[in-house]
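Following: one structure in structure tokens, then a few remarks.
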Amino acid sequence: MPEPRRFPPGFLWGTATAAHQVEGGNQQNQWAQWERQPGRIRAGDTAGDACGWWRSASRDLALAAELGTNAHRLSVEWSRIEPADGRFDAAAIGRYRELLGELRGLGLRPMVTLHHFTHPLWFEARGAWAAADAVERFTRFVNYTVAALCDLCDLWVTINEPTIFALQGYLLGVWPPGRRAPAEAVATIAALLRAHAAAADAIHRIDGNLQVGLAHHIRLMDPASRRPLDRLLAALHDRVLNLALLDALRTGHLALPYGVGQRITGLRGSCDFVGVNYYTRDHVAFDSRAPRAFFARRFVPPGAPVSAATHDGTPYGEVYPQGVARAIAMAARVGLPLYLTELGMPDADDVQRPAMLLATLGAVHRMIAAGHDVRGVFWWTLVDNFEWAEGWQLPFGLIALDRASGARRVRRSGALYAAVARANALPATGERGAE
Ligand code: IFM
């Protein structure tokens, strides 16, 4: 009889959220300001009360425990903890202590992200990451926060998806601050890597046992054909989005296109683990009419399975769960243990997600069996929440949220995740989806 596919003992089965997407009532960060500008967010949505976690997350955290998970990744909201430059709010820290205490009480090991796309309005007004003292300001916040919470959490992510934050906000202009300036995008990534290195050093000084990483979004880039120009463009986009950051972590130097070899103090050796956020892949074709997109057209080939549509009608992405294996292999070049800090897809009716979930976890299992040091999975996300420029239109949750009534309903994929998490194993047979 075939054996269940077991994961290593102590494997973390988690879900992931971010402060602005679930807490509600965050008005003092640059995203809330962006949401107030007409036309920025699909259907005019705002995060609003989100999932109400600032008042109480108890119901959702209890559901996370009922799902059999043993970990949860959340982020802290800098604008709550430091509402004015240099002024810290003990009550906000108190609330985060309560949240972390609640998680631990439910048997969920917390992983805390310090910067997940949002920062205070006062930081933005000072020039955000372009300011000469941005790294110092961030490190001061990190020192305060980690010192206040480290007895409750030993897994820390400094910055979530530096490349996505910089490209969306400073190159494509679809996120705050709405800039379309390639040089600023590159400078922002460099500044975020400096901030990460300084934060990691601060965290390790507070307690050498704390584990620190950065969460990197890997979006696979495949050439649309064997034509040399398609291959060249796919390789270039792969470098910009995926490889340059991993190489910077490995070497401690800024690689093209973020820099020309400049060393970043403390970057090499800053991480104890690398966090990988994987969702999908693009096909890349040379397109002479697309100079703004660096002469590339990125698309999903006709006929490929796709997830829900974004505001412009294009899908969020191809459903390509087996790609997680390639993302793991790619991140392994840094030579550190890995956590899959986000995996998921938007699927309101949960038609595709169950098979995609099992196929994804099957691929993770194969990579572990092949010797990769993957220590846990944090599914994005626990409960439907505010999806940035897509507003409330892309539900990623294992739990569906009815915003009108506040009701929660565990989706079928939630029940499947629960079965795998509880068993710490995938079934040998059964629903295996597109594996
Ligand atoms: O919701 C986001 C999250 O904040 C960062 N990674 C991708 C998710 C889905 O788009």
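Where does each of Val135, Val174, Val377 land when they are ranked from fewest to most other beta-carbon atoms within 10 angstrom? Walk me through the numbers before you get to the answer.
Values: Val135 20, Val174 15, Val377 27.
With the fewest neighbours first, Val135, Val174, Val377 line up as Val174, Val135, Val377.
Return the distance in nm (one decimal) between the two label points of a simple spin-label model at Ala125 and Met1, each offset 7 Å from Cα along Cα→Cβ.
6.7 nm
Highest mean first, what order results for 103-116, 156-169 on Cβ atoms within 10 Å?
Packing proxy ranking, top to bottom: 156-169, 103-116.
Could you rank the peptides 369-376, 300-307 by their average count of other C-beta atoms within 10 Å per residue, with the highest value first?
Ranking, from highest mean packing down: 369-376, 300-307.
Return the long-range amide H neighbours of Asp287 (sequence gap of 5 or more, or a different chain), with a cut-off of under 5 Å between placed amide H atoms.
Ala296, Arg297
Positive end of the charge dipole of the chain (Lys, Arg +1 and Asp, Glu -1 on Cβ, about the Cα centre): tell me which of Leu155, Met345, Pro223 has its Cα farthest that way.
Most positive-ward Cα: Pro223.
For n ≥ 4 DSSP H runs only, could you compute -39500 (n - 2.57) per run for the chain, divide by its residues and tell me the 222 nm figure to the nearest 500?
After summing the helix terms and dividing by residue count, I get -10000 deg cm²/dmol.
Using the beta-carbon distance between Arg366 and Arg231 and R0 = 25 Å, what value does 1/(1 + (r/R0)^6) give for FRET efficiency, to the nearest 0.05?
Efficiency at R0 = 25 Å is approximately 0.40.
For Arg5, which sequence-distant residues (separation of 5 or more, or a different chain) have an amide H within less than 5 Å of its own amide H, given hydrogens modelled in the peptide plane?
Leu426, Ala428
Sort Glu342, Glu66 so the one with the fewest other Cβ atoms within 10 Å of its own Cβ comes first.
Listed from fewest to most nearby Cβ atoms, that is Glu66, Glu342.
In whole angstrom, how far apart do the alpha carbon centroids of segment 129-163 and segment 41-82 sit?
19 Å
Among Val76, Val374, Leu254, which residue has its Cα positioned farthest towards the positive end of the charge dipole of the chain, with +1 placed on the Cβ of Lys and Arg, -1 on the Cβ of Asp and Glu, and the dipole taken about the Cα centre?
Result: Leu254, furthest along the dipole toward the positive end.
Starting from the 7 Å offset along Cα-to-Cβ, what nm value, one decimal, do you get for the label separation of Arg59 and Leu172?
So the label points at Arg59 and Leu172 sit 3.3 nm apart.
Would you pull out the residues with amide H under 5 Å of Ala71's amide H, same chain only if 5 or more places away, H placed 1.01 Å from N?
Trp13, Thr15, Arg109
Quick one: dipole size for the chain, taken about the Cα centre, charges +1 on Lys/Arg Cβ and -1 on Asp/Glu Cβ, in debye to the nearest 20.
For the chain, the charge dipole is close to 760 debye.
Can you tell me what share of the DSSP beta bridges in segment 1-140 is antiparallel? A percent to the nearest 5 is fine.
20 percent
Which three extents, in whole angstrom, do the alpha-carbon atoms of the chain cover along their principal axes, largest first?
So the extents along the principal axes, rounded to whole Å, are 61, 55, 44.
Post the alpha-carbon centroid distance, segment 206-257 to segment 340-392, in whole angstrom.
Answer, in whole Å: 20.
No value in this document is a laboratory result; all are computed from the given coordinates. Small disclaimer: the values here were computed from a predicted structure and weren't measured. Cβ coordinates were reconstructed from backbone atoms using ideal geometry, including for glycine residues, and neighbour counts include every protein chain displayed.
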